[in-house]
Amino acid sequence: MSQALLHVSGVTKRFGGFTALNDVSLQLAPGERLGLIGPNGSGKSTLVNCLSGTLVNDAGSVEFDGHKLDGLPPHKRAYLGLARSFQLPRPFGSMSVRDNMRIPLMYTAAVRAGHQRSEKEIRERTDELLRMVSLSDKADARPVDLTQVDMRKLELARAMAAEPKLLIADEAMAGLSNAEVDDILKLLMTLNSKGISIIMIEHIMKAVMAFSQRLVVLVSGTKIADGVPAEVIRNDDVVRAYLGQ
Amino acid sequence: MTSVAKASIEPRAKGDPVGNGVFAALTLAVAVLFYAVIAVIGSEYLYFAGYVVLQFVVLATAWNILGGYCGYVNFGSAAFFAMGAYTTICITTIASEYAKSAVGAAIGAVPPGVLVVLMVVLAGIISGLVGLGMGYLTLRLRGVFFSIATLALSVVLQTLVVNWDFVGGSRGAYVIRPNEFPLLPGGFIAYLFVLMLLLVVVALCVSRGIERSRLGFGFAAIRDDEMAAEAAGVPTLRLKLIATTISGALMGMAGAPFPYYIGYLQPQSAFGLEYAVNAIAMPMVGGTQSWIGPLVGAVLLGSFQQWATVTISSVLNLLIVGLLLIFFVIVAPNGITGFFRDLIYRRRRSGGGSGS
Amino acid sequence: MLELYLNAIVSGLLLGGFYAAVTLGIAIAFGMLDVVNIAHPAFVILGSYVAYICNIKLGLDPVLVGLLALPVFYVLGQAIYQVSYLSFERRGSDSLRGLAFFFGLLFVTEVLLILVFGVDYRYVEAWYIGPTLRIGFIDLPWRMLVPCVLSILLFLLLQLFLSRTYTGRAIAAVSQDPTALRLLSIDPVRIKRIGFGLSIATAALAGAFLIIIQPVEPSVGREYIGRIFAICVLGGMGSLPGTLIGAMLLGVVESLTTTFFGPSWAPAVGFGFLLATLAFKPSGLLGR
């Protein structure tokens, strides 16, 4: 247990009288691919926000790579190697695709490496990342001119530019066609093969099942299942939560 | 061929074609040239009118560092400007009221030309610190709260000044402007003009330096999407505080020589709403995303107002500035320079179009 | 001394009632609709001048004028929201532009009023301006009492509307949960337009109250910016009871300040309140 990369214990988050997350605990091993599923409003995004520091949890604690994350603002968590993509892509609208990559390169990646890259190195690294997500030919476009799938790729490439140990991909495939879903899935598998742990939050079951080594199910803010995907989806509680409503 | 076209779309991506040192030298050269032209004409009116326009260039540039780069609207430009002006009043009053004390005598012994420069520095420090304090109290909340707080700041500082008899209260205070200045033809007003011209050079260098630096990219990320900026590792609170401090300091510096310029400073003129409006309208008209926008806006609107105040009424000219602000915000939200930048970008994309 | 205290507190409460009317529009626009209308004080002043014109030229009672002007201001508000929506919200542009737009409106309205009416103070005439109701040693000037009572009445009516009617509840919920509204097939833009119309309509009455309480010149509105946002934030952004309490509180503190330190310090109180609230209790008085 001590070598877990991410250690979430008893995280609770309330909004007024509404409990969005209720005593959620989970662990993630280095290099693991975890699928996080649950119906709408089950607290998946709240959990992501509590992990990345956008929201402050009311109780419980999060430990990442040996560091306590509690009370740290999002950018400090990014410096430790925790990256996320947003459910609705949030590109830097006034910048070109290339300059979008600069922000994590100049901030998180620089802090993680302990030094700033030169202009030449930034350019090379950007090219490399854009090639990986096949956005090279759109490097000088502005985000408004990107298609939905390209926007998702930019979102992932920007998260990857931070050179993270853990990537949380929050519904990176929502609204995409089948071929595009496969595209993103392949991309995530490639990242994982480089040793990056990935938590995938997803509604598209086919993708989740293909991707995950382990599956966690949230229902109304409570974790109801955690285990091997094939077993989890046969679990009675899970079936009831998904089909019974 | 395509790579050349693409590189020129985004000049920043290929590094900095003009270094900060070169830019400073160029700006200084232009400033000297500008001064030379005015000095050759030698009209006192040009010094007075030019001073006001230059002062607006500094204010607009300062506002834009926070407003345009970071997207945080400061409605209190007048307050920061007045803080600078009243720093000078405060110090000169100490010199005249306590002329017999050591401090008063020491200040009195400093020649006015040197004293103004010291005031500019002191005003920069004070208003920078106030900016930092305001930011510290309100910037952790949503951006609008910062804006609202700055809006109220003017009212409060004005209340303080009006109630503070030492700096003249509601009556106002005199500062004696010497007529002569030993080194320059044109007297002390020419010296003030040169001083403001140098402040313009400083403001433009700071503004452009930031825009092309890591700090500038961080600011732009905050403006575009603060949550995404945080997630990408931008320490947003710290950067916003840096921006409010620099912006506030520059505004205060612009205000410090003002009492010498006007001779008799009243609270209404130091806290005039036209400063707050112009500081916003000028960058909005010129374009907020680059250092050159506020310069263009301030030169256009500033010169227009200098002309309009004499030819039309001064109230009517303020109305025009207000209407221009509304017009640009609705119709050309990226200002004049932004409009052309977008035009070039669209042209390149549809013309060069091989990329997509 | 006790008399002085009590009179200061009572006149503070009366003042607070009036402040509540001025803040009402902001509580709706900023608190419920999330439209940062910093130009609201300018519309209040506009209301004052409408009351002034009709009072001087036609001899109408200022409160009556305020009531008659309600529909006109309502339409004006709807039009302004439409412009703001089409130019900023729909384009999804940053709040910078919206703020600059309303700031421009604030400024242009003020300058227009200066052009038309000049910078002289204007006032209205009515039976309740001048006489004072005395209960024991407590002074209740009618010119303060009338606006205060009417403000509270206005509050009750709006509170009923917002909590009991379908449209009212939609207005109160629109910025919290636009998706829920869409699911109920309510158009959030239409709701916001109605809400903003209401918000500006209240300025017609608040403006009439203002010119009853004190003579008005175009730049008076600026003093209210700090006050109304202080009250709005203090009241918990968009809670009408909270707004009323916040307004009374500010009124009393200002009145005490005026009594003991002099009226020239009063404008700073609102700002002090605002800054303290933002710094220490941004969720407002009634917040958690």
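The values are calculated or read from the model by the stated rules, or taken from the named source; none is laboratory data. These figures come from a predicted structure and were not determined experimentally. Cβ sites come from the backbone with ideal geometry, for glycine too, and all protein chains shown count toward neighbours. Note: areas computed on protein heavy atoms with side chains; ligands, DNA, RNA excluded. Shrake-Rupley method; radii C 1.70, N 1.55, O 1.52, S 1.80 Å.
For C:M237, the criteria (1) open to solvent by 10 Å² or more (accessible area, probe 1.4 Å); (2) within 14 Å of chain B (Cβ to nearest Cβ); (3) touching a Lys or Arg at 6+ places or on another chain (Cβ under 9 Å); (4) among the aliphatic types (A, V, I, L, M) hold in every case but one, which is (3). Residue count for the range A:46-83 satisfying the condition of being part of a strand (DSSP E or B) and open to solvent by less than 50 Å² (accessible area, probe 1.4 Å): 7. Candidates in the range B:181-226 are the residues that are among the aromatic types (F, W, Y) and within 14 Å of chain A (Cβ to nearest Cβ); of these, the one that is surrounded by the fewest Cβ atoms within 10 Å (Cβ to Cβ) is B:F217.
Name the residues in the range A:14-28 that are without any contact (Cβ under 8 Å) to a residue 60 or more places away in the chain and either in a strand (DSSP E or B) or of a type in the set (S, T, N, Q) (or both), would you? A:R14, A:F15, A:F18, A:Q27, listed by residue number. Only one of the listed residues (C:S175, C:S163) is in contact with an Asp or Glu (Cβ under 6 Å, 6 or more places away or on another chain) and either modelled with pLDDT under 90 or within 25 Å of C:L4 (Cβ to Cβ) (or both). That residue is C:S175. With the structure loaded, tell me whether C:L158 is at pLDDT 90 or above and assigned to a helix (DSSP H, G or I) or whether it fails that test. When the stated conditions are applied, C:L158 passes them. Remark: pairs (first residue in the range B:32-58, without any contact (Cβ under 8 Å) to a residue 60 or more places away in the chain; second residue open to solvent by less than 20 Å² (accessible area, probe 1.4 Å); Cβ separation under 7 Å; 6+ apart in sequence or on different chains) = B:L46/B:I38. Please indicate, with yes or no, whether at least one residue in the range A:110-117 is in contact (Cβ under 8 Å) with a residue 40 or more places away in the chain, assigned to a helix (DSSP H, G or I) and more than 9 Å from chain B (Cβ to nearest Cβ). So far as the range A:110-117 goes, yes, one or more of its residues are in contact (Cβ under 8 Å) with a residue 40 or more places away in the chain, assigned to a helix (DSSP H, G or I) and more than 9 Å from chain B (Cβ to nearest Cβ). Taking the conditions (1) closer than 30 Å to A:H67 by Cα; (2) open to solvent by less than 50 Å² (accessible area, probe 1.4 Å); (3) away from chain B (no Cβ under 11 Å); (4) in a helix (DSSP H, G or I) in turn, A:A169 satisfies each one other than (4). For the structure I just gave you, tell me whether C:V72 is surrounded by fewer than 18 Cβ atoms within 10 Å (Cβ to Cβ) and under 28 Å from C:R190 (Cα atoms). It is true that C:V72 is surrounded by fewer than 18 Cβ atoms within 10 Å (Cβ to Cβ) and under 28 Å from C:R190 (Cα atoms). Do we find that B:L137 is in a helix (DSSP H, G or I), in contact (Cβ under 8 Å) with a residue 60 or more places away in the chain and of a type outside the set (K, R) in this structure? It is false that B:L137 is in a helix (DSSP H, G or I), in contact (Cβ under 8 Å) with a residue 60 or more places away in the chain and of a type outside the set (K, R).
Output the number of residues of the range A:188-227 satisfying the condition of being part of a strand (DSSP E or B), within 16 Å of A:E32 (Cα to Cα) and not basic (K, R). Residues in the range A:188-227 being part of a strand (DSSP E or B), within 16 Å of A:E32 (Cα to Cα) and not basic (K, R): 9 in total. B:V234: more than 14 Å from chain A (Cβ to nearest Cβ) and either out of contact with any Lys or Arg (no Cβ under 7 Å at 6 or more places or on another chain) or closer than 27 Å to B:F23 by Cβ (or both), yes or no? For B:V234, the condition - more than 14 Å from chain A (Cβ to nearest Cβ) and either out of contact with any Lys or Arg (no Cβ under 7 Å at 6 or more places or on another chain) or closer than 27 Å to B:F23 by Cβ (or both) - is not met. Checking each residue in the range A:11-21 for being at pLDDT 90 or above and surrounded by fewer than 19 Cβ atoms within 10 Å (Cβ to Cβ) picks out only A:T12. With respect to (1) touching a Leu at 6+ places or on another chain (Cβ under 6 Å); (2) within 14 Å of chain A (Cβ to nearest Cβ), the lone exception for B:A279 is condition (2).
Does B:G322 satisfy the criteria of being within 30 Å of B:L160 (Cα to Cα) and at pLDDT 90 or above? Yes, satisfied. The test for being under 14 Å from A:M101 (Cβ atoms) and part of a loop (DSSP other than H, G, I, E, B) holds for A:E163. The listed residues are C:T202, C:T277, C:T259, and the only one of them that is in a helix (DSSP H, G or I), within 13 Å of another protein chain (Cβ to nearest Cβ) and of a type outside the set (A, V, I, L, M) turns out to be C:T277. The single residue among C:V252, C:V220, C:V216, C:V189 that is on the phi < 0 side of the Ramachandran plot and buried (at least 22 other Cβ atoms within 10 Å of the Cβ) turns out to be C:V216.
For the range A:93-108, name all the residues that are among the polar types (S, T, N, Q), open to solvent by less than 10 Å² (accessible area, probe 1.4 Å) and in contact with a Lys or Arg (Cβ under 8 Å, 6 or more places away or on another chain). Within the range A:93-108, A:S96, A:N100 meet the criteria. Annotation note: Cβ proximity below 7 Å between a residue of the range B:266-286 that is farther than 16 Å from B:V331 by Cα and a residue that is hydroxyl-bearing (S, T, Y) and open to solvent by less than 10 Å² (accessible area, probe 1.4 Å) (sequence gap 6+ or interchain) occurs for B:Y275/B:S77; B:A276/B:S77; B:A279/B:S77.
In the range B:233-274, the residue that is modelled with the lowest pLDDT out of those that are closer than 26 Å to C:E223 by Cβ and open to solvent by 20 Å² or more (accessible area, probe 1.4 Å) is B:L273.
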